[in-house]
Amino acid sequence: MKNDKGRRHFLKQSLHKTIGVGAGIQLLQSCENTVQNNNTLPFILSTWKNEKANQAAWDSLKNSNSILDAVEAGARIPEADPNDQSVGYGGRPDRDGNVTLDACIMDSKGNYGAVTALQHIMHPVSVARKVMEDTPHVMLTGDGALQFALDSGFSKTNLLTEKSKQEWKEWLVTSEYKPKINIELHDTIGILGIDANADLAGACTTSGLGYKMPGRIGDSPVVGAGLFVDNEIGAATATGMGELVLKSVGSFLIVELMRQGMTAQEACEEGVMRIVRKQDYKELQVGYIAISKTGDIGAYSIQPGFIYTLTIDGKHTISEVKSYL
Ligand code: SD4
């Protein structure tokens, strides 16, 4: 396989940084194992430490559901988790105290759906899928997205948990806006899947940057920025400072670089370098993960501390990613 050398190099690099935590998480034993595992389809790859999400995606796939169903099922896990303060229920609010959610989903046929600034709905990824499947549009925002969700049978929920509310009140004292790097190892989830036929799908869901300006939209729901899937080539997704990803159309860029012959790893590295060469990146984090049609994986970030979760055969491996700094 053309990409073999690059993949081995990457996996060697990532191997010594592999961290295993908790029961049921597989620790990588050897580089050769990793390379073989990497070729085994299907698999699920998500940003951050997301073994529960990956497990839900894996279970969905094993129940004969599509890879699209699988990534949606995975994304719904952090959306419903009040302890994940970057996604869905329990997410950090904007500076006015409103939790506003961004999400998107993309299938192997190139279909895409998204919601932005959606309030009061726990599962924006599922609303995004309905936008994709049940409307002539690809993106609904704010009140229109909420109306559509309610019309589609979703119910209203108060998404602001006591914990996030208290932290927001503390933030109000100074009201100083400063994005934090690698918040508690569970952040925006971007989840990519490849099934046994090498068909691809992806989803991305977030409450966006904590204490953002009302109306701010990040990269996560924007096609080509927070997520891109091209079933001929591969898929990529992003986490971190959305403005930097938007300005470089990061996920689309990575997939197009793979089309031009880069491995998934090389493409993720170049995606980060496009930011580093042009933007003031020193205090900011962006992390990318990508998979190719051939089952190659890549990941790279600006700052250390970014991790991903890879699930093969129902076993989860959490690896720290190589970074520019
Ligand atoms: C955003 N990219 O709204 C998201 C935030 C994020 O990890 O990914 N945090 O800019």
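The values are calculated or read from the model by the stated rules, or taken from the named source; none is laboratory data. Model, not experiment: these values are computed from the prediction. With ideal geometry, Cβ positions are generated from the backbone for all residues, glycine too; neighbour counts draw on all protein chains shown. For the accessible areas, the whole protein counts, side chains as well, though only heavy atoms, and no ligand, DNA or RNA atoms are used. Shrake-Rupley method; radii C 1.70, N 1.55, O 1.52, S 1.80 Å.
Enumerate the strands (runs of 3 or more DSSP E) found wholly within the range 89-141, keeping only those where 3 or more residues are under 13 Å from Ser207 (Cβ atoms) and either without any contact (Cβ under 8 Å) to a residue 60 or more places away in the chain or open to solvent by less than 40 Å² (accessible area, probe 1.4 Å) (or both).
Numbers: elements: 101-106, 112-118, 139-141.
The strands (runs of 3 or more DSSP E) meeting that bar are 101-106, 112-118.
Hey, Lys169 hits all of (1) within 16 Å of the ligand (Cβ to nearest atom); (2) within 26 Å of Asn83 (Cα to Cα); (3) open to solvent by 60 Å² or more (accessible area, probe 1.4 Å); (4) among the basic types (Lys, Arg) but one; which does it fall short on?
In the conditions (1) within 16 Å of the ligand (Cβ to nearest atom); (2) within 26 Å of Asn83 (Cα to Cα); (3) open to solvent by 60 Å² or more (accessible area, probe 1.4 Å); (4) among the basic types (Lys, Arg), Lys169 misses (1) alone.
Select from the range 53-88 the residues that are aliphatic (A, V, I, L, M) and open to solvent by less than 50 Å² (accessible area, probe 1.4 Å) and list them in ascending order. Before you say what the answer is, go through the steps one by one.
Applying the first criterion (aliphatic (A, V, I, L, M)) to the range 53-88 yields 53, 56-57, 61, 67-68, 70-71, 73, 75, 77, 80, 87.
Passing the criteria: Ala53, Ala56, Ala57, Leu61, Ile67, Leu68, Ala70, Val71, Ala73, Ala75, Ala80, Val87.
Looking only at the range 255-286, count how many residues are farther than 20 Å from Val87 by Cβ, among the β-branched types (Val, Ile, Thr), in contact with a helix residue (DSSP H, G or I) (Cβ under 8 Å, 6 or more places away or on another chain) and within 15 Å of the ligand (Cβ to nearest atom).
Of the residues in the range 255-286, the ones farther than 20 Å from Val87 by Cβ are 255-283.
Imposing the further condition that a residue be among the β-branched types (Val, Ile, Thr) reduces the set to 255, 263, 272, 275-276.
Now drop any that are not in contact with a helix residue (DSSP H, G or I) (Cβ under 8 Å, 6 or more places away or on another chain), which leaves 255, 263, 275.
Subsequent filtering for residues that are within 15 Å of the ligand (Cβ to nearest atom) retains 275.
Going through the range 255-286 one residue at a time, the tally reaches 1.
Got a sec? Which of Ile297, Ile307 is under 15 Å from Lys49 (Cα atoms), of a type outside the set (Lys, Arg) and at pLDDT 95 or above?
Exactly one of Ile297, Ile307 is under 15 Å from Lys49 (Cα atoms), of a type outside the set (Lys, Arg) and at pLDDT 95 or above, namely Ile307.
From the list Ala238, Ala201, which one is farther than 20 Å from Thr141 by Cα, within 13 Å of the ligand (Cβ to nearest atom) and part of a strand (DSSP E or B)?
Ala238
On the given criteria, is Gly202 without any contact (Cβ under 8 Å) to a residue 60 or more places away in the chain, open to solvent by less than 20 Å² (accessible area, probe 1.4 Å) and under 26 Å from Val99 (Cβ atoms)?
Details: without any contact (Cβ under 8 Å) to a residue 60 or more places away in the chain: no; open to solvent by less than 20 Å² (accessible area, probe 1.4 Å): yes; under 26 Å from Val99 (Cβ atoms): yes.
Answer is no for this residue.
Can you find even one residue in the range 243-251 that is assigned to a strand (DSSP E or B) and buried (at least 24 other Cβ atoms within 10 Å of the Cβ)?
There is no residue in the range 243-251 that is assigned to a strand (DSSP E or B) and buried (at least 24 other Cβ atoms within 10 Å of the Cβ).
Out of (1) part of a loop (DSSP other than H, G, I, E, B); (2) more than 16 Å from the ligand (Cβ to nearest atom), what's the single condition that is false for Pro221?
(2)
Testing Leu244 on (1) more than 10 Å from the ligand (Cβ to nearest atom); (2) over 18 Å from Gly110 (Cβ atoms); (3) hydrophobic (A, V, I, L, M, F, W, C), one condition comes back false. Which one is that?
So Leu244 meets the others, but not (1).
Give the range 259-271 a look and list any residue that's among the hydrophobic types (A, V, I, L, M, F, W, C) and open to solvent by less than 20 Å² (accessible area, probe 1.4 Å), or say none.
Hits for the range 259-271 are Ala264, Ala267, Cys268.
Criterion first (open to solvent by 20 Å² or more (accessible area, probe 1.4 Å), away from the ligand (no atom under 16 Å from the Cβ) and on the phi > 0 side of the Ramachandran plot) does Gly144 satisfy it?
So Gly144 does not fit the description; no.
Please go through the range 147-158 and pick out each residue that is free of Cβ contacts under 8 Å to residues at least 60 places away in the same chain, open to solvent by less than 60 Å² (accessible area, probe 1.4 Å) and of a type in the set (S, T, N, Q).
Ser152
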